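Written below as structure tokens is the structure these notes are about.
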């Protein structure tokens, strides 16, 4: 039997949509039929879609864009605020290996062009930022295809039109940001870009890169899926599969470059960037700023003096308590405590995360393991590149039951994208993809753990 979930306060668009479906007597499973049939969406999502979109209420998308741009800026400012502008020192504080530090030193200086995807939980007090993935290698880039597929059903398209709703095309924002970084290098012709992954991950991710290549083709860009081992220098140009490239769209990550052999593999790209014959998008140092350790630096109240009063208020509102795993740290009340003792006493309210890995890898929710395993995990990572983060409990979101009647609660990870307004226009918010699960005790809302994915709509105009 479905749970007839109560609708949280302040969800007028969600309430209206659920009532709209009930009046029409529409099986929500019908709305995902076009998405399930999409060969392009099948590559990443394999037909696993939420039976309903989610809705941002008036003003929420605007505030999300503003919040994520500010969070991005504060993260990008950390080397200047904490390390006198020394990115290598910043990298060492984050636990980077020396080959990674070498690459960071070679990255261009100057302001970062914002492009990121936030992982957020929507709580009863608003959105909380779990991570900010600052990189060009962003999953969920096809999300607007889910919007378009679901709008093929009149139940949704009529509701969206009646309420004045819209959605952002995340991939177009990514492409606009890429073109901004490319500048006039390919003026008057189709740019040629390499979608470059790491050799090991390329074996499984190549089909997804071909999806992206197809999307780029529709926007007038020649995109070539490849891995970094396939680049060849020819007549002073960086080539792949016999074609000179204007830009390397980076899917390989700094975390993958840990040995001198790895460094040698990326040397043709780095040398071409330094010669000015190719653009690297995104910059090789950006994962420093999207690092969980960097969020811990923002969260740590011992660094509060580096921020204005308004910035401190903002960080307290948006970030959960996050600390490096060290012998001593400040607790949520600002008191210096024995962190191991604190973590033991508050096990069910904490989650242990590696600072560099992504996609939920290595994460240990305290409420999912017994006391002995928790103690062993903490001891193993003490003084290493790991953080403890306060557990954030997502508020339940009511969804219609596909193939049945009634409603049930799901728990969502909101993957909200942010793009630099000077590159992509708008106010920063650049679309959203959500992942949902019925598990209220979830540690990581991921497709690997059975989550479904869905799209998001928001009100049009400045009030959106």
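Every read-out reported here was derived from the displayed coordinates using simple, explicitly stated rules and does not represent laboratory data. Owing to the predicted nature of the structure, the values given are computational and were not obtained by experimental measurement. Here Cβ is always computed from backbone atoms with ideal geometry, including for glycine, and neighbour counts include all displayed protein chains.
Taking 30 Å as R0, compute the FRET efficiency from the Cβ-Cβ separation of residue 361 and residue 158 and round it to 0.05.
Between residue 361 and residue 158 the formula returns 0.10.
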All Cα pairs of the stretch 147-241, percent lying beyond 17 Å: 64 percent
Average Cα contact separation per residue, the chain, under 8 Å, 6 or more apart, as relative contact order %: 26 percent
- request: Apply 1/(1 + (r/R0)^6) to the Cβ-Cβ distance of residue 313 and residue 349, taking R0 = 22 Å, and write down the FRET efficiency to the nearest 0.05.
  value: 0.45
message: Using the basic label-point model (7 angstrom from Cα toward the beta carbon), what is the residue 37 to residue 232 distance in nanometres?
response: 4.4 nm
task: Compute the FRET efficiency between residue 23 and residue 243 as 1/(1 + (r/R0)^6), taking r as their Cβ-Cβ distance and R0 = 60 Å, and round to the nearest 0.05.
output: 0.65
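Counting only helical runs of four or more DSSP H residues, what would the 222 nm mean residue ellipticity of the chain come to if each run contributes -39,500 (n - 2.57) and the total is spread over all its residues? Show your work: numbers first, answer last.
Values: 18 runs with 175 residues, N = 464.
Result for the chain, helices only: -11000 deg cm²/dmol.
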Within the stretch 297-311: backbone nitrogen closer than 16 Å to the residue 125 label point (7 Å, Cα to C-beta): 299-301
task: Report the extension gain between residue 303 and residue 335 in nm, rounded to one decimal, defined as 0.36 nm multiplied by the number of residues separating them, less their alpha carbon distance.
output: 10.1 nm
statement: For the chain, the Cα-Cα pair-distance distribution in 10 Å bins from 0, as whole percents, is 4, 20, 30, 27, 16, 4, 0
field: Nitroxide proxy distance, nm - points 7 Å out along Cα→Cβ at residue 380 and residue 46
entry: 2.6 nm
query: Roughly speaking, what % of Cα-Cα pairs in the stretch 307-409 are separated by over 18 Å, rounded to a whole number?
result: 57 percent
- request: Evaluate the distance, in nm, between pseudo-label points positioned 7 Å from the Cα of residue 274 and of residue 439 along their respective Cα→Cβ axes.
  value: 4.6 nm
